[in-house]
Amino acid sequence: PRSQSELTAPEWAAGVVSKMPPWLFLDSPNPRVRRQSLDAFASEYYTATNKALRAVVVTTPSPGFPLSNFARTVAASLHATPASAGARVTPIWVQTPIALPTIPSAAAPPDMWARWNKIRTVADNHPALGVVLEIGPTLPAADGELQRWLAEPIRAVA
């Protein structure tokens, strides 16, 4: 009999996802930290691709931090394997909170959908790009905000 800790190749490809390290800071103002983060991202993505994992999960930078290099890195990784080559593109699932709590007397919380939309736009709406929604104690206040999320390629809920 097969051990319960062993997975067949189809089980591995269908059910195992990789999570990028939480310390990645792709938009760091420090060039050394940014370079190390880019190298780690590339290495983790390459490993996940070679192991034929279902997807790679990466957490969006915290609100208040830029997204530009993060979005470019995600897009470049997805577009690195041309579809015409017949190779499988390992999906990237971007984990983001659906909403942040509103603090009384503070500025309005950042629009998390707009941050996700920036990443999606830079990646040219790549079909292998998905979102993992973090459902916290606070849901979006307006009905329209929740509807925007429901139109997105939600792959998992955390």
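The values are calculated or read from the model by the stated rules, or taken from the named source; none is laboratory data. Since the model is a prediction, treat every value here as computed from it, not as a measurement. Backbone-built Cβ (ideal geometry, glycine too); neighbour counts: all protein chains shown.
Among all positions in the stretch 134-142, there is no residue which is at pLDDT 85 or above, within 13 Å of Val94 (Cα to Cα), outside any loop (DSSP other than H, G, I, E, B) and in contact with a helix residue (DSSP H, G or I) (Cβ under 8 Å, 6 or more places away or on another chain).
State whether one or more residues within the stretch 71-89 are among the β-branched types (Val, Ile, Thr), surrounded by 18 or more Cβ atoms within 10 Å (Cβ to Cβ), modelled with pLDDT under 90 and within 15 Å of the chain's Cα centre (by Cα). Among the residues of the stretch 71-89, at least one is among the β-branched types (Val, Ile, Thr), surrounded by 18 or more Cβ atoms within 10 Å (Cβ to Cβ), modelled with pLDDT under 90 and within 15 Å of the chain's Cα centre (by Cα), which makes the answer yes. In the stretch 2-51, of all residues being in a loop (DSSP other than H, G, I, E, B) and in contact (Cβ under 8 Å) with a residue 24 or more places away in the chain, the one that is surrounded by the fewest Cβ atoms within 10 Å (Cβ to Cβ) corresponds to Pro22.
Give me the pairs: first residue in the stretch 97-114 and at pLDDT 80 or above, second residue exposed (fewer than 14 other Cβ atoms within 10 Å of the Cβ) and of a type in the set (A, V, I, L, M, F, W, C), beta-carbon distance under 7 Å, and six or more apart or on different chains, which are they? Pairs found: Ile98/Ile135; Ile98/Leu139. Does the stretch 20-39 contain any residue that is within 24 Å of Leu133 (Cβ to Cβ) and touching a strand residue (DSSP E or B) at 6+ places or on another chain (Cβ under 6 Å)? Yes, that holds for at least one residue.
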